[in-house]
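Chemist: My questions all concern the structure below.
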Amino acid sequence: MSGFSFNGFVAGDTPATFTDYRVSPVKMIREGTDAEAIEVCSPAGRAFWSIYGDTGAGWRLVHDAEADDAGLALAALSKNAAARFEYADLETVTVAGTLADLADRLAERIHDEIPGYDNPEDFRCDDFDAHPLSELREQILEAIESEAAA
């Protein structure tokens with residue numbers, strides 16, 4: 001498991017505990033005067049990424065990605081040969097597949113949401129990089145490359 005430490009695992013959890021994984025943008029919300037909760041949001045409104053695992057009895061938190069470790073966490077989870085990955089936010093749930101498939105589906109969504117992507121006169125080269133899902137996609141691709149080089 002590359003020695004990755006998952007901050008959402010409970011006692012006895014391993015990557016094999018879960019059949020599918022889902023990464024979602026999340027934000028903190030206030031409930032009442034002191035309580036905070038985490039909720040799935042749009043990619044543009046995220047505070048961080050949360051990774052959930054499906055045990056067959058529902059989704060459970062596996063990891064809240066601090067800074068830029070979402071790709072590393074997903075790559076560590078991908079060592080479970082049966083693992084399938086998807087992305088979900090308020091509007092979209094992608095089809096589950098390999099981690100590389102997830103990167104491809106994120107690229108498709110980014111392309112679909114860039115104004116003028118199919119019209120070269122309207123397309124700006126930095127639009128792809130500025131999209132709120134580009135950071136996650138890049139983290140996944142870097143982690144896949146690192147794992148392949150190891």
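Chemist: Select from ALA16, ALA67, ALA76 the residue whose mean-square fluctuation is largest in a Gaussian network model of the chain (Cα-Cα springs shorter than 10 Å).
Modeler: ALA67
Chemist: Report, in cubic angstrom per residue, the convex hull volume of the C-alpha atoms of the chain.
Modeler: On the way: hull volume 20.4 nm³, N = 150.
Given the Cα convex hull of the chain, per-residue volume reads 136 Å³.
Chemist: Let me ask something else. Give me the distance between the Cα centres of the stretch 42-76 and the stretch 95-111, rounded to whole Å.
Modeler: Comparing the Cα centres of the stretch 42-76 and the stretch 95-111, I get a distance of 15 Å.
Chemist: Count charges around LEU90 for me, please; just the other residues with Cβ under 12 Å from its Cβ, Lys/Arg as +1, Asp/Glu as -1. Mind showing how you got there, number by number?
Modeler: Working: positive: LYS27, ARG46; negative: GLU39, ASP89, GLU91.
Here the count lands on -1.
Coordinate-derived values only; no laboratory data. Predicted, not measured: the structure shown is a model, and the values here were computed from it. Cβ coordinates were reconstructed from backbone atoms using ideal geometry, including for glycine residues, and neighbour counts include every protein chain displayed.
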